[in-house]
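Engineer: Once you've had a glance at the structure underneath, I'll fire off some questions.
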Amino acid sequence: MEERLDNAKTKLNKLSRQADRTNAQTNKAQNNLRRYEAARAELGTSMTECSETKPNSHYCHQMRHKFNELTYQIQYLKKDALEEQFRDENSILQAEITKGNFDKRYAAFIASCRDSDAHYALIQDPEAYASVCSNAKNSVTCTLF
């Protein structure tokens, strides 16, 4: 039972680290999105000026190309952020449910260890304690004594 709880704890820690990485990536994507939108707004002003003066000039074509490229990047980031949000919410929900279950099961495990006949027998018999805990000193069962 202790080994299963340790495995569950390892998985929870992994999910937590994964959520932290996802948050960092999301923050970076949001910063890029703001930067692209600001650049596109500036280009929008330049394109308005171009359309009033020389709409078919090389400079105006470059402005339209950059504007379209930024529009594509913005749409891509928004789509990717939406997909990531659904993935992240699902894994966080699973982690929270698992964490709640883990805490309850861990508390029940500790209580059963303290209240068991085996625990009492180990406390009363030093040889039994030595034989059980000599190889597993870091186990929860052995640290309760």
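Engineer: Just for the range 7-20: of the residues that are open to solvent by 100 Å² or more (accessible area, probe 1.4 Å) and either touching a Cys at 6+ places or on another chain (Cβ under 9 Å) or in contact (Cβ under 8 Å) with a residue 24 or more places away in the chain (or both), which one is nearest to TYR72 (Cα to Cα)?
Structural biologist: Here is the first cut: in the range 7-20, the ones open to solvent by 100 Å² or more (accessible area, probe 1.4 Å) are 9, 11, 14, 17.
Still in the list and also either touching a Cys at 6+ places or on another chain (Cβ under 9 Å) or in contact (Cβ under 8 Å) with a residue 24 or more places away in the chain (or both): 9, 11.
Values: LYS9: 42, LYS11: 38 Å.
In this case the residue turns out to be LYS11.
Engineer: Next up: I'm checking my understanding of the structure. Among residues of the range 21-54 that are open to solvent by less than 70 Å² (accessible area, probe 1.4 Å) and within 19 Å of the chain's Cα centre (by Cα), which one is modelled with the highest pLDDT?
Structural biologist: ALA29
Engineer: Test of understanding: among GLU69, GLU84, GLU96, which residue is out of contact with any helix residue (DSSP H, G or I) (no Cβ under 6 Å at 6 or more places or on another chain), at pLDDT 85 or above and of a type in the set (Asp, Glu)?
Structural biologist: Values: GLU84 fails: at pLDDT 85 or above; GLU96 fails: at pLDDT 85 or above.
Result of the check over GLU69, GLU84, GLU96: GLU69.
Engineer: I need every pair where a residue in the range 96-119 that is among the β-branched types (Val, Ile, Thr) has its Cβ under 8 Å from the Cβ of a residue that is open to solvent by 100 Å² or more (accessible area, probe 1.4 Å) and modelled with pLDDT of 75 or more, sequence separation at least 6 or different chains.
Structural biologist: As it stands, the answer is THR98/LYS11, since those pairs meet every condition given.
Engineer: When you look at ALA8, is it farther than 30 Å from ARG105 by Cα and among the hydrophobic types (A, V, I, L, M, F, W, C), yes or no?
Structural biologist: Answer is no for this residue.
Engineer: Has the range 1-20 got at least one residue that is within 36 Å of the chain's Cα centre (by Cα), in a loop (DSSP other than H, G, I, E, B) and closer than 30 Å to SER112 by Cβ?
Structural biologist: yes
The values are calculated or read from the model by the stated rules, or taken from the named source; none is laboratory data. The model shown is predicted, which means the values in this text are computed figures rather than measured ones. Here Cβ is always computed from backbone atoms with ideal geometry, including for glycine, and neighbour counts include all displayed protein chains. Areas reflect the complete protein model, heavy atoms only, side chains present, ligands, DNA and RNA absent. Shrake-Rupley method; radii C 1.70, N 1.55, O 1.52, S 1.80 Å.
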